[in-house]
Amino acid sequence: MDHGERRAALVEALLRVVERQGLAAATMRAVAAEAGMSLRLVQYYFDTKAALLNAALEHLERRSHDRWNARLASLPARPTARDHVEQFLAEALPTDGESRTFHLVWTSYAVLAMTDSELARRPFLAGPERLERRLADTLERARDTGELVRHLDPALEAALLVNLGHGLGTSVLVGRLGAEEALAVLSHHLDQVLPRHDLPCPQVT
């Protein structure tokens, strides 16, 4: 394997360990054993566990964006802003093995970063910020076309959608809500933000 392939293999090994045993069990030694490589080789590519975790998050983010783009590509020729946002929220919920792993790793990383200064220095918050900007751009366009409820601010609504998705995703992850229940909550919220043409537009009070 070349360098890129070895790094990718180590990231995949980390994710397999996390899926089976959780993030706390994903030590450098455990990842080395899972990948069939020496600990020294793992440390050559990733000098710390924080660096390996950050690479895993970036890898998962890229795959999630690819899945979101694939969902968008399957939509009709002229998808609405509501369609774009619904596909993002559906991808954000942990409804299958890959999205569940993404949510598990990100949430666990965030918890560890509260007490680990090395993890906290890593730019793991950049992913949600990129999502917010992409959603804000979509909502800006929706405001221009009249799809977004007139008095709403696109940037604030984008932040709300990302955080609502994260919160509901955690509820699904721990079993408090089922995926269909979470999607129903999201759909109800979107009715107030991006109402479909066959629904009455919320009144501004």
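Using bins 5 angstrom wide from zero, how does P(r) for region 70-120 break down, in % of all Cα pairs?
For region 70-120, the binned pair fractions read 5, 18, 18, 14, 14, 13, 9, 6, 3, 1 percent.
Considering only DSSP states other than H, G, I, E and B, which trypsin sites (Lys or Arg not before Pro) in region 88-185 qualify as loop sites with at most 16 other Cβ atoms within 10 Å? Intermediate values should be presented prior to the final figure.
On the way: sites: Arg100, Arg121, Arg130, Arg133, Arg134, Arg141, Arg143, Arg150, Arg176; in loops: Arg150, Arg176.
When the trypsin sites (Lys or Arg not before Pro) of region 88-185 are filtered for loop state and at most 16 Cβ neighbours within 10 Å, Arg150, Arg176 remain.
Mind pulling up the Rg/Rh value for region 1-81? Radius of gyration and Kirkwood radius, both on Cα. Intermediate values should be presented prior to the final figure.
Details: Rg = 16.0 Å, Rh = 13.9 Å.
Ratio of gyration radius to Kirkwood radius: 1.15.
For the chain, what's the radius of gyration and Dmax over Cα atoms, in angstrom?
Both quantities, over Cα of the chain: 19.2, 64 Å.
Once you keep just the Cα pairs under 8 angstrom separated by 6 or more residues, what percentage relative contact order results for the chain?
Working: 175 pairs, mean separation 38.4, N = 205.
Reported relative contact order: 19 percent.
Taking N as the number of residues in region 71-180, what value does Rg over Cα atoms divided by 2.2 N^0.38 Å take?
Values: Rg = 15.5 Å, N = 110, 2.2 N^0.38 = 13.1 Å.
Scaled against compact globular proteins, the figure is 1.18.
Ignoring everything except DSSP H segments at least 4 long, calculate the 222 nm mean residue ellipticity for the chain; use -39,500 (n - 2.57) per segment, divide by total residues, nearest 500.
Details: 10 runs with 148 residues, N = 205.
Here the helix-only value at 222 nm equals -23500 deg cm²/dmol.
Under 15 Å from a point placed 7 Å out from the Cα of Ala184 along the Cα-to-Cβ direction: which residues of region 149-173 have their backbone N that close?
So the set is 172.
Please state the charge dipole magnitude for the chain, taken about the Cα centre, from unit charges on C-beta atoms (+1 on K and R, -1 on D and E), reported in debye and rounded to the nearest 20.
Working: 24 positive and 28 negative charges, 91 e Å.
About 440 debye.
Read phi for every residue in region 45-52 and hand back ³J(HN,Hα) as whole Hz from Karplus 6.51 cos²θ - 1.76 cosθ + 1.60, θ = phi - 60°, with x for Gly and Pro.
3J(HN,Hα) across region 45-52, in whole Hz: 7, 9, 5, 9, 5, 4, 5, 5.
Please identify, among Thr115, Thr27, Thr80, the residue showing maximal mean-square fluctuation in a Gaussian network model of the chain using a 10 angstrom Cα cutoff.
Of Thr115, Thr27, Thr80, the most mobile in the Gaussian network model is Thr115.
Tell me the label-point distance for the pair Glu5, Arg78, using the 7 Å Cα-to-Cβ offset, in nm and rounded to one decimal.
It works out to 4.8 nm between the two label points.
Out of Leu15, Leu168, Leu156, any idea which swings most in a Gaussian network model of the chain, alpha carbons joined below 10 Å?
Taking springs between Cα atoms under 10 Å, the residue moving most is Leu156.
When the solvent-accessible surface of protein heavy atoms is calculated with a 1.4 angstrom probe, in what order do Phe102, Phe88 fall, highest first? All intermediate terms of the calculation are to be shown ahead of the outcome.
Values: Phe102 50, Phe88 15 Å².
From most exposed to least exposed: Phe102, Phe88.
Could you point to the residue in Thr95, Ala81, Asn69 farthest towards the positive end of region 57-104's charge dipole, with +1 and -1 charges on the Cβ of Lys/Arg and Asp/Glu respectively?
Final value for the positive-end residue is Ala81.
The values are calculated or read from the model by the stated rules, or taken from the named source; none is laboratory data. Small disclaimer: the values here were computed from a predicted structure and weren't measured. Don't worry about glycine lacking a Cβ; one is built from the backbone with ideal geometry, like all the others, and counts go over all protein chains shown. SASA here: full protein model, heavy atoms, side chains in, ligands and nucleic acids out. Shrake-Rupley method; radii C 1.70, N 1.55, O 1.52, S 1.80 Å.
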